[in-house]
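The values are calculated or read from the model by the stated rules, or taken from the named source; none is laboratory data. No experiment lies behind these values; they were computed from the predicted model shown. Using ideal geometry, Cβ is built from the backbone for each residue, glycine included, and neighbour counts are taken over all protein chains shown.
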Amino acid sequence: MNPQERSIDKASQEMLSRMTAAGQENAWDRLAAQLPQCGFGKQGICCRICTMGPCRISKKSPLGVCGANADTIVARNFLRAVAAGTSAHSDHGRGVAEVFLEAAKGDVKDYGIKDRVKLFKLAKEFGVETKDRSVNDIATDVGKIAVEEFGKHEGTQLMARRAPAVRQALWKKFDITPRAIDREVVEALHRSTMGVDQDYKNLIMHACRTALADGWGGSMLATELQDILFGTPYPGKGEVNLGVLKKDEVNIVVHGHEPILSEMIVAAAQDGELLKQAQSVGAKGINVAGMCCTANELLSRHGIPVAGNFLSQELAVATGAVDVMAVDVQCVMEGLAQVARCYHTKLITTVDKARITGVEHISMDEKNVLNTAKKIVKMGIENYKNRGEVYIPNEKQTAVMGFTHESINYILGGHYRASYRPLNDNIINGRIRGVVGIVGCSNPKVQQDFTHTTLAKELIKRDVLVLTPVVQQSHAANRG
Ligand code: SF4
């Protein structure tokens, strides 16, 4: 398959050609080697939940050894996928809540409370007393409640109370108001075990509740806490695509999902002493760029450029310009280790729960994150001199990003009358036909970025407002 069939993005196409010419493998090549993929797996009708299996459903054998039919098997597999996704998203949220609590108590010196207005709003929502109390005391109580939310034994998610009354009534009717993350995920694994829940409709309803626990619980809570800790984003300009890497600067790429360490890497890259060290090895500066969701966090808060999305990670290393790639959790391809070995790039894992065989691990010291960040930046500086051939595609686009509900309220209504009213009025009168969120990674099975950009363009053509993280749309500008 030629590069144009693999990606709509010119920068990716260039790097794909170069990797092929150099005989280096990437996700697209590994997909080609996997073809044809298992038809049973694709349809979700393969079950290996117990050791009487694996069982696969066909005309010849329509039932598994335990008697499970295709509906049950598909529903169980789907529920397990939802539980895994909820665990990943929300474990990130739990990590943020834990750091938030430590920062509030003063045990983590490198972070402070940046958005007090948001802290007070959340405190009110959680029923935390704010009168005549210090910011840190209020934040400590908020942090304790937030950590509890992930594993409490009783009640439903506090954040779910934000949903419109009609929506909450619907959840109640179907008994899917989300409870604690841990509870929903454990119950999902229990229900989908052999011989437990064998009614596909019942299984799917629990998948709905588990997903709601993530969206309205773990993810939304993590967003609130990150905004309080790191600052609430406000719209601003940023640059996107592989062209943000700099030939004459030390390039540090941060990749994954958690902003805890990458926030400090941004600070470390501005450290006077480290900038001098960079100059001493012949670099003009230190350039931090993001990859995947960590990139979104940094772009929207600090205007840090985005080097690419999920499928761009190996391509970035293949530029030969990445001196360090520091990865945290989720969406980090194991294949990166192989590509990094072909170049000078130092690949570093930073979170103890996410390591890669043969890759150097620098455990993030949560009590002194800035020190860990400085160590990583220093490694990039020292590695700058080891670069071989560098090729950075001359492709980058400008994006305006960082739209939060606070900023949209302000833009539409001003400081004193902040509201969604102009938006609501136009939805009610039919000029805007709705609002759609497009979220999700690219997949080598389809042309990189094609689905997201086509869907967005078609919706916009039909007067639908589209919201999306900038990473998904990072390459859209290439196609106009
Ligand atoms: S749970 Fe049933 S269908 Fe699944 S592997 Fe075991 S016997 Fe087979």
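Considered as a group, the residues in segment 53-111 that are among the basic types (Lys, Arg) and more than 11 Å from the ligand (Cβ to nearest atom) include one that is nearest to Arg179 (Cα to Cα), and that residue is Arg94. State whether the residues of segment 135-151 include one that is over 30 Å from Lys374 (Cα atoms), within 24 Å of the chain's Cα centre (by Cα) and assigned to a loop (DSSP other than H, G, I, E, B). Yes. Taking the criterion of being at pLDDT below 95 and charged (D, E, K, R), the residues of segment 446-480 that qualify are Asp449, Arg479.
One residue stands out in segment 1-28 among those that are among the small types (Gly, Ala, Ser) and touching a helix residue (DSSP H, G or I) at 6+ places or on another chain (Cβ under 7 Å): the one that is surrounded by the fewest Cβ atoms within 10 Å (Cβ to Cβ), namely Ser17. Entry remark, segment 29-50: residues being more than 16 Å from the ligand (Cβ to nearest atom) and surrounded by fewer than 16 Cβ atoms within 10 Å (Cβ to Cβ) number 10 in total.
Restricting the first member to segment 1-21 and to residues that are at negative phi, and the second to residues that are outside any loop (DSSP other than H, G, I, E, B) and among the acidic types (Asp, Glu), no beta-carbon pair is closer than 7 Å while six or more apart or on different chains. Restricting attention to segment 177-189, and to residues there that are in contact with a His (Cβ under 8 Å, 6 or more places away or on another chain) and of a type in the set (A, V, I, L, M, F, W, C), which single residue is nearest to the ligand (Cβ to nearest atom)? Across segment 177-189, the extreme among qualifying residues is Ala188.
Residues are listed down the side, and each one gets a yes or a no for (1) out of contact with any helix residue (DSSP H, G or I) (no Cβ under 9 Å at 6 or more places or on another chain); (2) farther than 20 Å from Gln270 by Cα; (3) in a loop (DSSP other than H, G, I, E, B); (4) in contact (Cβ under 8 Å) with a residue 60 or more places away in the chain:
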| position | (1), (2), (3), (4) |
| --- | --- |
| Lys374 | no, no, no, yes |
| Asn383 | yes, no, no, yes |
| Glu389 | yes, yes, yes, yes |
| Asn394 | no, yes, yes, yes |
| Ala399 | no, yes, no, yes |
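Take segment 70-91 and flag every residue that is over 18 Å from Met205 (Cβ atoms) and either crowded, with 24+ Cβ neighbours inside 10 Å or of a type in the set (S, T, N, Q) (or both). If the condition is that a residue be over 18 Å from Met205 (Cβ atoms) and either crowded, with 24+ Cβ neighbours inside 10 Å or of a type in the set (S, T, N, Q) (or both), then Ser87, Ser90 are the ones that fit.
Under 9 Å between Cβ atoms, which residue pairs at least 6 apart in sequence (or on different chains) link something in segment 123-145 that is under 21 Å from Gln157 (Cβ atoms) with a partner that is among the aromatic types (Phe, Trp, Tyr) and outside any helix (DSSP H, G or I)? Listed pairs, sorted by first residue: Asp141/Phe126; Val142/Phe126; Ile145/Phe126.
Residues in segment 190-199 that are crowded, with 16+ Cβ neighbours inside 10 Å and either under 13 Å from Gly67 (Cβ atoms) or among the aliphatic types (A, V, I, L, M) (or both) were compared, and the one that is nearest to the ligand (Cβ to nearest atom) is Met194.
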